[in-house]
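The values are calculated or read from the model by the stated rules, or taken from the named source; none is laboratory data. From a predicted model like this one, the values you see are computed outputs, not experimental measurements. Virtual Cβ from ideal backbone geometry, glycine too; neighbours counted across all protein chains shown.
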Amino acid sequence: MKIELKSIHFSEQLSEETNAFSANVYIEGIKAGTASNRGRGGATTYQAADERGRKLISDAEVYCHSLPPEKFSEGGSDHELKMDLGQYIDDLLDKYLQEKELQKFQRKLEKAMDRGIVAGIPDQSFEVWYFNQSIEKILENPKGPDILKNTIIKNIIPVLTGGTIILNSNIPQKLFEEAGLKKHQYARPVSCETKITQKENKPPQKRRRL
């Protein structure tokens, strides 16, 4: 059964113990009703929009009860949480919020990698070694690849521990390989060679943590 949330309105300010939100609930592509939570620790509630919505929600309740329980660990013990429609809606909201955070993270990452070498844990956090020019401009300089390689060798490789990798997708793979990096130490590099012109670059500025 396809259950969706649309027109989601989330309030971080009102979210005290639970996520405060309101949304339209769609079941099998049809608007069945609405769902909401005041953010004060209570359960998520939902209500049908009409008689058709009540039937769809009733079917969705039966469907959710047939799903396996959610398993989680807390306080050193394993627990199970029985699935119902309210919990299913909460899970849909959690997924929506996680996707929004990932999109926000990706926008920051793309902006950072334009001006520096970015190292971090994918989808979680990163640090930036900034340059006075964009990576694109540096790669256009005949000396640019050597500047990037030296920065990687001296400053970046020492911090590539505990799952930290180089996150730049705008640096050629060949440059990573020449710097001595293994494939698991960098992500999604470009494969094409970059056009070169003559300009002078300066060493990277002090790094900043996201």
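Tabulated data
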quantity: Test for VAL25: is it outside the structural domain of ASP123 (by TED's automatic domain parsing) and in contact (Cβ under 8 Å) with a residue 60 or more places away in the chain; calculated: yes
quantity: Pairs where the first residue, in the range 161-178, is in the same structural domain as VAL118 (by TED's automatic domain parsing) and more than 19 Å from ARG107 (Cα to Cα) and the second is among the acidic types (Asp, Glu) and in a loop (DSSP other than H, G, I, E, B), C-beta under 7 Å, 6+ apart; calculated: PRO172/GLU193
quantity: Subset tally (residues that are over 22 Å from the mean Cα position of the chain (by Cα) and surrounded by 15 or more Cβ atoms within 10 Å (Cβ to Cβ)) for the range 173-188; calculated: 6
quantity: Criterion: β-branched (Val, Ile, Thr), in contact with a Pro (Cβ under 9 Å, 6 or more places away or on another chain) and in contact (Cβ under 8 Å) with a residue 24 or more places away in the chain - qualifying residue of ILE121, ILE156, ILE152, ILE138; calculated: ILE138
quantity: All positions within the range 74-108 that are among the hydroxyl-bearing types (Ser, Thr, Tyr) and either touching a strand residue (DSSP E or B) at 6+ places or on another chain (Cβ under 7 Å) or under 18 Å from GLU4 (Cβ atoms) (or both); calculated: TYR88, TYR96
quantity: Residues of the range 1-52 satisfying the condition of being of a type in the set (Asp, Glu) and either touching a Lys or Arg at 6+ places or on another chain (Cβ under 6 Å) or more than 19 Å from CYS64 (Cα to Cα) (or both); calculated: GLU12, GLU16, GLU17, GLU28, ASP50, GLU51
quantity: Subset tally (residues that are among the aliphatic types (A, V, I, L, M), over 15 Å from GLY86 (Cβ atoms) and over 20 Å from the mean Cα position of the chain (by Cα)) for the range 1-19; calculated: 2
quantity: Residues that are out of contact with any strand residue (DSSP E or B) (no Cβ under 8 Å at 6 or more places or on another chain) and either surrounded by 17 or more Cβ atoms within 10 Å (Cβ to Cβ) or outside any loop (DSSP other than H, G, I, E, B) (or both), drawn from the range 28-62; calculated: ILE30, GLU51, LYS55, SER58, GLU61, VAL62
quantity: Strands (runs of 3 or more DSSP E) completely within the range 64-143 that count 1 or more residues being modelled with pLDDT of 95 or more, of a type outside the set (A, V, I, L, M) and crowded, with 17+ Cβ neighbours inside 10 Å; calculated: 116-121, 125-130
